[in-house]
Amino acid sequence: MSAFRPGERTPRTRTYWARLAISAPALLARAARLRTIWRDLLVRYDPDPLSPYPFASTVDFTPLAAVVDRTVAELAEEGRYLLETLLDGPGPDLAVFRGYLNRTLTEHGCLRISFDSDLHLPWPMLAVEAERPDPWSDFLGYRHQVEQTGAAYPTIQPPYQARTRPVTSLNTDDQLTGVGRAPEVRKLLEDRSQLTVRTESEPLLEALSCAVMDEDVMYFWCHGQFVANDSPYEQLAVRLSDERHIDADLVRRHRRRHLNTPEAVFRPFVLLNACHTGQSAAAELEHLGRALVDLGADGVLGPQIQIPQEFAAEFAFAFLDLYLTGEFTAGEITQQLVQRFAREFHNPLALTYSLHCGIDSILELNP
């Protein structure tokens, strides 16, 4: 693992570097454990049969603030444990690297951090030991703007004129159209953009097959799940109103002929608002977010866990409301929303949304 801050003097190679002691499978297993703990302590928290799953059925956790504070302290401790496990091991190189990274993450103000790795970890949910009484601020996603990279950015596409009205799409399951603020999200997109609505997989795949798919924002409001594929690993896929599973390979199949084609256009910011879409099942399998980035997407944002629908709709409205102004980057917005949901609703679930690339994605508009 290596780390550097632009403009900062570092040893010999200008980069702090060390070989990690932990293996990739062990690290992925601990990342899966962290996601499971978040799911069990929040989404599946069920102390009262008369009011089941309070954290999954509402956005505002304020009435349960005392419980939430204890839970957040526990989650922060688990996030610290994963970061410590990542950096643990003998040897002077690792000790120097560990000290440098911990100092950088704790002693500086808000940083813009890119974790460049083929291992998809829940980086915003990791935490540092900041010696503050407030555990909320220990999470990396609260303190910093964070993205996961791991592949080269795609070839630069043809320049285009900034629009006065962005082009967007809503790719959705009909059964979710009335959930929470979902109707308001659709109206927001209708009022402030040129919107295409797709409820079946066929129109989506047809659009992906076209050389020019010139959308500024692709919003998915649907179901995400891991599906069996007769191998040791399950594959992450999303599903609209029909039963077709849309996974990374299906997306690549429909767009493969346009890779590196000069006239091809595909550069949306993608909000994959479906369960688990911020993670991958295993390092051996294609990741849906990475596939979209490889094909040209400017960035992909999705949750690391099974996300409650009420919260997901609220998060989408808040994110799109800011992104469509053209005033903020996706990295700025994700950090703002972590802090806003914590402050206004005592709700930590915004930390489960992670960026795959896209920290600098911004909607460029003509005034």
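Annotations
- Any pair with Cβ under 7 angstrom, 6 or more apart, that starts in the stretch 189-213 at a residue that is within 19 Å of PHE266 (Cβ to Cβ) and ends at one that is basic (Lys, Arg) and exposed (fewer than 14 other Cβ atoms within 10 Å of the Cβ): SER193/ARG165; GLN194/ARG165
- Of all residues in the stretch 117-159 being assigned to a loop (DSSP other than H, G, I, E, B) and in contact with a His (Cβ under 8 Å, 6 or more places away or on another chain), the one that is modelled with the highest pLDDT: HIS120
- Enumeration of residues in the stretch 48-61 that are closer than 20 Å to TRP136 by Cα and either open to solvent by 70 Å² or more (accessible area, probe 1.4 Å) or aliphatic (A, V, I, L, M) (or both): ALA56, VAL59
- PRO135 under 23 Å from LEU292 (Cα atoms), more than 19 Å from the chain's Cα centre (by Cα) and in contact (Cβ under 8 Å) with a residue 12 or more places away in the chain: no
- For THR85, the requirement of being more than 15 Å from ASP138 (Cβ to Cβ) and in a helix (DSSP H, G or I) is met.
- Within the stretch 193-232, tally of residues that are part of a loop (DSSP other than H, G, I, E, B), more than 20 Å from ASP298 (Cα to Cα) and either touching a strand residue (DSSP E or B) at 6+ places or on another chain (Cβ under 9 Å) or at pLDDT 95 or above (or both): 5
- Checking each residue in the stretch 108-123 for being surrounded by fewer than 13 Cβ atoms within 10 Å (Cβ to Cβ), of a type in the set (A, V, I, L, M, F, W, C) and farther than 17 Å from VAL338 by Cβ picks out no residue at all.
- Some residue of the stretch 348-366 being free of Cβ contacts under 8 Å to residues at least 24 places away in the same chain, over 30 Å from ARG70 (Cβ atoms) and open to solvent by 10 Å² or more (accessible area, probe 1.4 Å): no
- Qualifying position, being over 27 Å from LEU349 (Cβ atoms) and of a type outside the set (D, E, K, R), among PRO268, PRO183, PRO262: PRO262
- Residues in the stretch 296-317 that are open to solvent by 10 Å² or more (accessible area, probe 1.4 Å) and either free of Cβ contacts under 8 Å to residues at least 24 places away in the same chain or among the polar types (S, T, N, Q) (or both): GLN306, GLN309.
The values are calculated or read from the model by the stated rules, or taken from the named source; none is laboratory data. Because the structure is predicted, anything quoted here is derived from the model rather than measured. Here the Cβ is made from the backbone with ideal geometry for all residues, glycine too, and neighbour counts use every protein chain on show. To get the accessible areas, we keep the full protein, side chains included, count just its heavy atoms, and leave off ligands, DNA and RNA. Shrake-Rupley method; radii C 1.70, N 1.55, O 1.52, S 1.80 Å.
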